[in-house]
């Protein structure tokens, strides 16, 4: 069996392969990433009405608001969490009580609520969502903006931080 020679060419080849494969994983232990909590968005609490009822649908429907709710850190889906939703729609302004409603997350932390079509308010079509149970997790207000007022759905995800 021939003896292997350590040459400049073989050193360069091995060094390049180590760099290309991400040598940092060989030197440092791999650390598990943690899921950062969602921060409230500016304007998210505008026209918020505490205690909106849990409902099947807001108004006549036709537009879907959906998303997920997970726990910060490990990302575990959170079932049975109350999410309040409101918006300026074809049937009412975001300050009107009939434009507000709440829904609960399912066993996989997903929520979905039908409502009338969102229309622009102050030049932007947007929705408002809140996690507002205030029991185990901090309150979060979101105000996601749609790319176009012709879209028929909007999704927003919550990552909740324990109180």
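Just so you know, all these numbers are worked out from the coordinates, no wet-lab data involved. Just so we're clear, the structure is a prediction, and the values are computed from it rather than from any experiment. Here the Cβ positions follow ideal geometry from the backbone for every residue, glycine too, while neighbour counts run over all protein chains shown.
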What length, rounded to one decimal in nm, is gained on full extension from residue 39 through to residue 155, with 0.36 nm per residue of separation minus their alpha-carbon distance?
40.2 nm
Provide the FRET efficiency to the nearest 0.05 for the residue 147-residue 57 pair, computing r from the beta carbons and using R0 = 22 Å.
0.35
Between residue 96 and residue 119, 0.36 nm times their residue separation minus their Cα-Cα distance comes to what?
6.8 nm
For the ranges 42-49, 113-120, 94-101, 73-80, what's the packing order if you count other beta-carbon atoms within 10 Å of each residue, average per peptide, and put the highest first?
113-120, 94-101, 42-49, 73-80
Could you check the simple spin-label distance between residue 106 and residue 136, using points 7 Å along Cα→Cβ, in nm with one decimal?
2.0 nm
